[in-house]
Amino acid sequence: MSNSENTGGNRWLIGIIVILLVALCGAVCVGGGVLYFLMQPGSSPLAQPAPGFGATPPAPGKQPTARAPVAPSRNILRLPGGTDPRTLDPAQVNDTNAGEYVAEIFSGLVMLDQNLKVVPDIAEKWDVSEDRKTYTFYLRKEVKFHDGRPVTAQDFKYSIERVANPATLSPTAENYLGDIIGVREKLSRKAAEVSGVQVVDDYTVKITIDAPKSYFLAKLTFPTAYIVDKNNVERGGRTWTDKPNGTGPFKLKEYVRAQRIILAKNENYYGESKPKLDEVQFILSGGSAMTMYENGDLESVYVTISDIERVSDPNSPLNKQLFIGPSLSTGFIVFNTRKPPFDDPKVRQAFALAIDRQKVIDVVYRKMPLVASTILPPGMPGYAEPANKLTYDPAKAKQLLAESKYAGKLPDITWTTIGAGGSAAQNVQVMAGMLKDNLGARVSIQQTDDASFFNTIDDPTKNPYQMFDVGWAADYVDPQNFLDILFRSTSTQNWASYGNPEVDKLLDQAALEKDSTTRFKLYQQAEQLILTDAPVIPFSHSREYWLTKPYVKGMIYPPIIIPRLKYVSIER
């Protein structure tokens, strides 16, 4: 999921998906790489500017009033919510901010557990055919939608057909469901149904994919494969997500745009880990989240740059409440290889060597994220230190630029980043200055809102941006989630419009390889080719910095987005 980033801990994601630069590197992502953008230093990963989808605008003259957090209750968890989610429709999720909510309201056949392993969810078990191309899922018979209607195999069939309907305009359908026979045909209007999804009976569904792929089950944990209620979607029209009828551990109780989102416990939840909280309140307004946390108005808060030094002090009482953990995400500076001068790999390589990423992270981000030398983040299977690390080398950068076809005639560059009003993010300004000092590049900074940004990069063939920053948070624990989705020449989320036949060949081989060691070596070879071609500059790998009240038990901050609130309890 992707996220245009600027902070250090957005998830899926929440990736993410949205949307985050991972230097604090924020990502708004959900599975499929949660998207995120390079966020302004000091902002929260959840504080992404985003228009809300699924919230009904107030009637004229009846503007909602802000409401302070409720008095402490042993069964109510209060969390910072940042900005409004871009959507609550699982078919539309591609950022971590939205994914955080959708993962709690909806669910699918399988899910990721706390150890990030694929485990049964609505499906209690499954069989795989000898040729590894057909999966037969057996659904739990006790699963119900929030309104009490039983879930059947027909609901899953409908949900996949809906995502594959081109009218749904799902930005992730092809990448996450395209392995299923018939999905691409329906997306391209060549078929009326998805033939690879067959209803055997009310509680059995059979899925056939185009080739044996070891990561297929993991893809089904992404929101694109979540089950939705046909009656809810079709009767609710464009505003059906105002009252989503999901199957997850929590249901949407209240959403006041720009103020709060309240999730209530699903009393009929089928999972083994029943939600222990009566409510989870996400506060979308109210000033400084850190101040609210210190005043006892929030149970958890993300630590930003402005507070990292004092909470890291071992003598601070807050230090005992501090969690620092990894985030399976990478923040990138992306070059549009269809736009001059980035159609020349030597220019891309020169830009990569002309930016002192370590200095930006040390000074601007106060060392909160890790500098990235790879596309895959540490902790991802297949991660390996590159043979030739990308290092700051202005002399080599000048040489490469002189060898390019744009030597002496480098055009003006526009760097697009998420933001609105005032000066552009400090990190982008600093890096633009380095490009000017080391290469004489004239880089102007263009800010845009996150909805416009993600809608634009969602279609790489029409993307007008020359250069931009964005992050990707893992949706599942497999290198395919980064390398195949972001860099295969035919991928719909190939932001750089990058293509290398040798990379595609290696990705094809890795997809079909049974042996995990061999698979990871193939992905490492593909990654090295991509790093050499430099369609992107890996900038940073985020880390999670959270404070949690000691009376909150079971709170986890996983490196990718999973349904996690059902594990939490309040013990005052």
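The values are calculated or read from the model by the stated rules, or taken from the named source; none is laboratory data. In this text, all values refer to a predicted model and were calculated from it rather than measured experimentally. Glycine gets a Cβ as well: all are built from the backbone with ideal geometry, and neighbour counts include every protein chain shown.
The single residue among T134, T152 that is farther than 27 Å from Y255 by Cα, surrounded by fewer than 18 Cβ atoms within 10 Å (Cβ to Cβ) and either at pLDDT 95 or above or charged (D, E, K, R) (or both) turns out to be T134. Within segment 298-310, the set of residues being surrounded by 18 or more Cβ atoms within 10 Å (Cβ to Cβ) and at pLDDT 95 or above comprises L298, E299, S300, V301, Y302, V303, D307, I308.
Of the residues making up segment 102-146, those that are of a type in the set (G, A, S) and either part of a loop (DSSP other than H, G, I, E, B) or more than 19 Å from K157 (Cα to Cα) (or both) are A103, S107, G108, S129.
So which residues in segment 264-297 are of a type in the set (G, A, S), closer than 30 Å to V119 by Cα and crowded, with 19+ Cβ neighbours inside 10 Å, if there are any at all?
Step one: of segment 264-297, the residues of a type in the set (G, A, S) are 264, 271, 273, 285-289, 296.
With the extra rule that they be closer than 30 Å to V119 by Cα, the set shrinks to 264, 271, 273.
Matches in segment 264-297: G271 only.
Between L410, L435, which is at pLDDT 95 or above and assigned to a loop (DSSP other than H, G, I, E, B)? Selected residue: L410, the only one of L410, L435 that is at pLDDT 95 or above and assigned to a loop (DSSP other than H, G, I, E, B).
When each of S312, S316 is tested for being touching a helix residue (DSSP H, G or I) at 6+ places or on another chain (Cβ under 6 Å) and over 26 Å from N94 (Cβ atoms), the lone residue that passes is S316. Only one of the numbered conditions (1) within 21 Å of the chain's Cα centre (by Cα); (2) under 25 Å from R86 (Cβ atoms) is not met by S288, and that is (1). Among the residues that make up segment 81-92, is at least one of them in a strand (DSSP E or B), within 17 Å of the chain's Cα centre (by Cα), surrounded by 23 or more Cβ atoms within 10 Å (Cβ to Cβ) and among the charged types (D, E, K, R)? The answer is no, given that none of the residues of segment 81-92 is in a strand (DSSP E or B), within 17 Å of the chain's Cα centre (by Cα), surrounded by 23 or more Cβ atoms within 10 Å (Cβ to Cβ) and among the charged types (D, E, K, R). Among the residues of segment 185-228, those that are farther than 27 Å from I562 by Cα and basic (K, R) comprise K186, R189, K190.
Scanning segment 211-251 for residues that are of a type in the set (G, A, S) and at negative phi yields A211, S214, A218, A225, G236, G246, G248.
Checked against the criterion of being within 30 Å of T461 (Cβ to Cβ) and either in a helix (DSSP H, G or I) or in the same structural domain as T291 (by TED's automatic domain parsing) (or both), segment 358-374 contains not a single residue that satisfies it.
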